[in-house]
Structures are given as C-alpha cells and as structure tokens.
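In what follows, a structure is listed as structure tokens, so that the remarks can point back to it.
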Amino acid sequence: MTDPIALLSRWIDDAGGSDTIDAIAMCLATADAQARPSARVVLLRGLDQRGLRFYTSYLSRKGRELAENPWAAAVFYWPHLQRQVRAEGDVAPLREEESDSYFGARPRGHQLAAWASEQSEPLESYAVLEERFAHFEQRFEGDDVPRPHSWGGYLLAPSRIEFWQGQPNRMHERMLYTRSAGVWNLTRLQP
C-alpha cells in the first residue's frame with residue numbers, strides 16, 4: 001500500500017474502529033526545550049491526510065512541551081493483532097473552528113471538566129476539583145458550554161510512520177514510510 005494514512009485507518013478499523021477506545025488509544029511522547037521526554041496515553045480524535053488529531057489543555061504539561069518543542073511521536077499497539085504503528089512529526093494547534101466544533105460535540109460533563117481542571121497543576125484535594133466542577137455546572141446552567149481558550153486540538157503531521165506486524169519466529173514485518181516533498185516513500189526494515 002502506498003498511502004500510510006489509509007493503512008493506519010484500516011488497522012484502526014481492524015482493531016475495533018474509531019469508536020473503540022482500545023483502537024484509538026495512542027502513547028504520545030513529547031519533549032521539553034531541554035529534550036527531556038515524557039509520554040502519556042491520549043485518544044486519537046481524527047485522522048486524515050493532514051495527520052493525527054488529539055485534544056487537550058494548552059496549559060497541560062504536554063501543551064507546554066509542545067509550545068517549547070513542537071515535535072512528537074505517537075505509538076499505537078494492538079497486542080491481540082500483533083500490530084504496532086509509530087508516527088513522528090511536527091505538531092501544531094488546530095484552527096479555532098476545528099477545536100470549537102469538536103468541543104461542542106463532547107458530552108456536557110467533559111466540557112465542564114475542561115473548565116474545572118487546570119490539567120497537570122497540583123491539587124490540594126479532590127474535593128476542590130469537585131467544587132470547581134459544581135461551580136462551572138452552575139455558571140453554565142441552561143446554556144451551551146463554550147470552549148475554554150486554554151483547551152483545544154493539535155495536529156501531528158507525520159513525516160515518518162512505521163508499521164510493525166508480528167510474525168512467527170520473530171520474523172516481524174516492518175514497513176517505514178517517510179514523507180519527502182509531500183510524497184510517501186516505503187522502505188522495508190529488518191525485524
């Protein structure tokens with residue numbers, strides 16, 4: 001296959017589809033300005049020829065790291081299929097309209113949580129977080145919940161995507177796609 005985005009989409013479908021958390025959970029690795037890495041699992045919330053989309057607080061640790069060093073790697077792993085995909089590339093915030101659209105489609109509780117949580121910041125007690133949630137629940141009672149300006153989406157535009165398919169005797173199949181001048185090139189790698 002010459003299109004790694006289409007292949008990734010097919011593998012996600014094989015893993016259960018875009019509505020299945022196990023299929024769209026990806027480990028996202030970022031690094032700060034001193035190149036100190038950190039990783040966490042986030043959910044893929046969109047995939048097209050531009051790249052992979054995910055959403056978070058811009059003020060979270062990952063948001064701060066992406067502001068300092070706008071490059072990331074993402075890994076999907078589906079052990080029941082013996083498959084893994086790694087994607088690496090530049091990351092940029094999505095347009096306001098895209099973030100607004102996605103935020104508007106989220107369940108109301110998720111929207112309120114985006115207001116209540118100062119993601120990655122220290123918390124005196126869980127009761128404080130519950131109080132903040134109740135505050136915003138009351139503040140927006142009867143109204144649509146607007147997207148906080150500190151929350152939105154990112155696009156990871158991959159320049160490398162590697163597919164790994166497990167095989168007997170550890171003779172795994174590895175396909176590395178690299179993008180140059182907008183064209184994907186395929187190189188097969190040894191296990």
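Throughout, read-outs are computed from the coordinates displayed, never taken from laboratory work. Just so it is clear, the model here is predicted, and its values are computed rather than measured. Methodologically, a virtual Cβ is constructed for each residue, glycine included, from the backbone with ideal geometry; neighbour enumeration extends over all protein chains shown.
Structure values in brief
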{"quantity": "In the stretch 136-191, the residues that are within 19 Å of the chain's Cα centre (by Cα), more than 27 Å from Q82 (Cα to Cα) and part of a strand (DSSP E or B)", "calculated": "W151, G152, G153, Y154"}
{"quantity": "Members of the stretch 16-31 that are surrounded by 15 or more Cβ atoms within 10 Å (Cβ to Cβ) and within 17 Å of the chain's Cα centre (by Cα)", "calculated": "S18, A23, I24, A25, M26, L28, A29, T30, A31"}
{"quantity": "Where a residue in the stretch 9-20 is farther than 18 Å from V75 by Cβ and free of Cβ contacts under 8 Å to residues at least 40 places away in the same chain and its partner, wherever it lies, is of a type in the set (S, T, Y) and loosely packed, with under 12 Cβ neighbours inside 10 Å, with Cβ under 7 Å and at least six apart", "calculated": "none"}
{"quantity": "Restricting the stretch 61-92 to residues that are within 18 Å of I161 (Cα to Cα) and acidic (D, E), the residue that is surrounded by the most Cβ atoms within 10 Å (Cβ to Cβ)", "calculated": "E88"}
{"quantity": "Count of the stretch 50-73 residues which are assigned to a loop (DSSP other than H, G, I, E, B) and of a type in the set (G, A, S)", "calculated": "1"}
{"quantity": "Single unsatisfied condition, Q34 versus (1) more than 30 Å from L129 (Cα to Cα); (2) outside any loop (DSSP other than H, G, I, E, B)", "calculated": "(2)"}
{"quantity": "Only one of I5, I12 that is touching a helix residue (DSSP H, G or I) at 6+ places or on another chain (Cβ under 7 Å), β-branched (V, I, T) and not in a strand (DSSP E or B)", "calculated": "I12"}
{"quantity": "Close pairs from the stretch 63-89: first on the phi < 0 side of the Ramachandran plot and among the aliphatic types (A, V, I, L, M), partner surrounded by fewer than 15 Cβ atoms within 10 Å (Cβ to Cβ) and not in a strand (DSSP E or B), Cβ under 7 Å, at least 6 apart", "calculated": "L81/D14"}
{"quantity": "Members of the stretch 93-119 that are surrounded by fewer than 15 Cβ atoms within 10 Å (Cβ to Cβ) and either touching a helix residue (DSSP H, G or I) at 6+ places or on another chain (Cβ under 6 Å) or among the basic types (K, R) (or both)", "calculated": "R95, R108"}
{"quantity": "Pairs, first closer than 14 Å to S60 by Cα in the stretch 108-121, second surrounded by 15 or more Cβ atoms within 10 Å (Cβ to Cβ) and of a type in the set (K, R), C-beta under 7 Å, six or more apart", "calculated": "A116/R132; S120/R61"}
{"quantity": "Unmet requirement for Y126, which otherwise passes all of (1) surrounded by 16 or more Cβ atoms within 10 Å (Cβ to Cβ); (2) more than 25 Å from W71 (Cβ to Cβ); (3) among the hydroxyl-bearing types (S, T, Y)", "calculated": "(1)"}
{"quantity": "Complete set of residues in the stretch 129-160 that are loosely packed, with under 13 Cβ neighbours inside 10 Å and either closer than 24 Å to M26 by Cα or small (G, A, S) (or both)", "calculated": "A134, G142"}
{"quantity": "Positions within the stretch 115-135 being more than 24 Å from the chain's Cα centre (by Cα), in a loop (DSSP other than H, G, I, E, B) and of a type in the set (G, A, S), in sequence order", "calculated": "S125"}
